[in-house]
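Rule-based calculations on the coordinates, nothing more; no lab input. All figures in this text were calculated on a predicted structure; none of them were measured in a lab. When we count neighbours, we look across all protein chains shown, and the Cβ atoms used for this are built from the backbone with ideal geometry, even at glycine.
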């Protein structure tokens, strides 16, 4: 059962995305300033996370580095906005949309509730990933292409290979490539390690295709309209 603070957090994130759509014309001349604000929020979120880790003595190589897919996406979102990079968008779109949504629906805040810093940084961070991606789509017109799906799959395999090796070296569990998360997640319905790994790969590819379908339909209709 979702807590009141959880539901309010989800509604606020949704509201901010809707507001960007509704105020697109009013904000288009200040889109750069808005982008900087989103980037600063993402930076502060990452700073608060690692400040808490260090201040409480909870920083470890096993689980505290920005090697989880969403944490890496948050950092990439900063560079995406600052550089107005479509190349980064192509990957972050497929990592961030399904990843952040899944995280927000099954949050792992370490058992902390609002207004604890770990609760705040979790929802601010994952919410800001979604907001950053929609910001690029709304104000820059960025859209994923079919080649973007292939690119995202390629970099996901590169990421998984590198993180898998690092997990083995430090006995870590980044992106849950060695163990299931302690909190409830879709992985609970899968077989135990290592048998859930191939299923995760298929789930990732399915998720990438799923979030691309609306743009595939749109792009196909656009091509037909010119014929």
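Results, tabulated for the structure shown:
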| quantity | calculated |
| --- | --- |
| Cβ-derived FRET efficiency at R0 22 Å, residue 105 paired with residue 137, nearest 0.05 | 0.55 |
| Residues 47, 204, 215, 114, sorted so that the one with the fewest Cβ neighbours within 10 Å comes first | 47, 114, 215, 204 |
| Rounded FRET efficiency, nearest 0.05, which uses the C-beta distance separating residue 55 from residue 18 and R0 of 41 Å | 0.70 |
| Ascending count of other beta-carbon atoms within 10 Å, so fewest first, for 124, 158, 211 | 158, 211, 124 |
| Pair residue 4, residue 182: separation of 7 Å Cα→Cβ label points (nm) | 2.7 nm |
| Cα-derived Rg to Rh of the chain, Kirkwood definition | 0.97 |
| Mean-position separation - Cα centroids, region 156-227 and region 47-88, in angstrom | 19 Å |
| Order of 221, 71, 179 - criterion: other Cβ atoms within 10 Å of each residue's Cβ, fewest first | 221, 179, 71 |
